[in-house]
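The values are calculated or read from the model by the stated rules, or taken from the named source; none is laboratory data. Model, not experiment: these values are computed from the prediction. Cβ atoms come from the backbone with ideal geometry, glycine included; neighbour counts cover every protein chain shown.
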Amino acid sequence: MRITKYTHACVRLEHDGRVLVIDPGIWSEPAALAGADAVLVTHEHADHADVLRLAGLGVPVYAPAEADLPRLAVTGVSAGEEFTPAGFRVRAVGGRHAFIYGGQPDCANLGYLVEDALYHPGDSLHVPEQPVETLLVPAQGSWLKLVEAIDFVKAVDPRRAIAIHDAQLNERGLASVNGWLGGKAGDRYRYLTPGESLKP
């Protein structure tokens, strides 16, 4: 599976001519969706779901059944459900967005385990029950402390961890986050710039 990181939380997966895109939000590049066969959305926030772009795309979009995504036709999924978008085996896990302050926001958020190998948690730190080869680890967010991101990597214990959810970091902040995650996760941690890929 070829993994290409785009701005913020958007990731494109390619295998045998099939393309699955996860969380193409308003900050991600349009190129992420070129030739997409299906899209997974972890939750309803605009930095993860560009509703206008997805509405005109003409491919199946899968999102939490409880997500509020007006004017976008989606196939609703629930935690524990297994399905096959664009020929990729996917299991939905988790259920709720991480809290920021005072219990808010409280919206549906699903993590997606793709081909029992790659895990995109959306805006949560839900630890799946099964082993993960590639973890997409949130690097920054109003709902996240860096220590929580480090502990998340340790709890999931993947073969490799790739940073996502990083668009609000400036160069100094990104260097700090990469230093900490790289220092604690060792050589299994990778930072990909937007448009950069990891090949199988």
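In summary, strands (runs of 3 or more DSSP E) completely within segment 98-200 and bearing 2 or more residues that are in contact with a His (Cβ under 6 Å, 6 or more places away or on another chain) and closer than 22 Å to E44 by Cα occur at 108-114, 134-138. Comparison of L198, L125, L135, L146 shows that the only residue that is in contact (Cβ under 8 Å) with a residue 60 or more places away in the chain and aliphatic (A, V, I, L, M) is L198.
Filtering segment 115-140 to residues that are small (G, A, S) and in contact with a helix residue (DSSP H, G or I) (Cβ under 9 Å, 6 or more places away or on another chain) leaves only A139. Taking each residue of segment 72-97 that is within 20 Å of D50 (Cα to Cα) and looking for partners that are among the aromatic types (F, W, Y) and assigned to a loop (DSSP other than H, G, I, E, B) with beta-carbon atoms closer than 9 Å, six or more apart or interchain, yields H97/W143.
When segment 47-72 is filtered for residues that are under 13 Å from the mean Cα position of the chain (by Cα) and either within 13 Å of S28 (Cα to Cα) or in a loop (DSSP other than H, G, I, E, B) (or both), the ones remaining, listed by number, are D47, H48, A49. Scanning segment 78-125 for residues that are hydroxyl-bearing (S, T, Y) and touching a Phe, Trp or Tyr at 6+ places or on another chain (Cβ under 8 Å), we see that the one that is nearest to A65 (Cα to Cα) is Y112.
I need a count of the residues in segment 27-50 that are crowded, with 17+ Cβ neighbours inside 10 Å and either modelled with pLDDT under 95 or not aromatic (F, W, Y) (or both). Of the residues in segment 27-50, 16 are crowded, with 17+ Cβ neighbours inside 10 Å and either modelled with pLDDT under 95 or not aromatic (F, W, Y) (or both). Which members of segment 151-191 meet the condition of being surrounded by fewer than 16 Cβ atoms within 10 Å (Cβ to Cβ) and under 19 Å from S124 (Cβ atoms)? Matches in segment 151-191: D151, K154, A155, D157, Q168. Listed conditions (1) surrounded by 15 or more Cβ atoms within 10 Å (Cβ to Cβ); (2) under 22 Å from V61 (Cβ atoms); (3) of a type outside the set (V, I, T); (4) modelled with pLDDT of 95 or more are all met by G80, apart from (1).
Candidates in segment 100-131 are the residues that are among the aromatic types (F, W, Y) and at pLDDT 95 or above; of these, the one that is surrounded by the fewest Cβ atoms within 10 Å (Cβ to Cβ) is Y119.
For segment 24-46, a residue qualifies if it is assigned to a loop (DSSP other than H, G, I, E, B), of a type outside the set (S, T, N, Q), touching a residue at least 24 places away in the same chain (Cβ under 8 Å) and in contact with a strand residue (DSSP E or B) (Cβ under 7 Å, 6 or more places away or on another chain), and the qualifying residues are P24, A36, D37, V41, H43. Only residues that are part of a loop (DSSP other than H, G, I, E, B) and either among the aromatic types (F, W, Y) or surrounded by fewer than 19 Cβ atoms within 10 Å (Cβ to Cβ) (or both) were counted in segment 1-22, giving 4.
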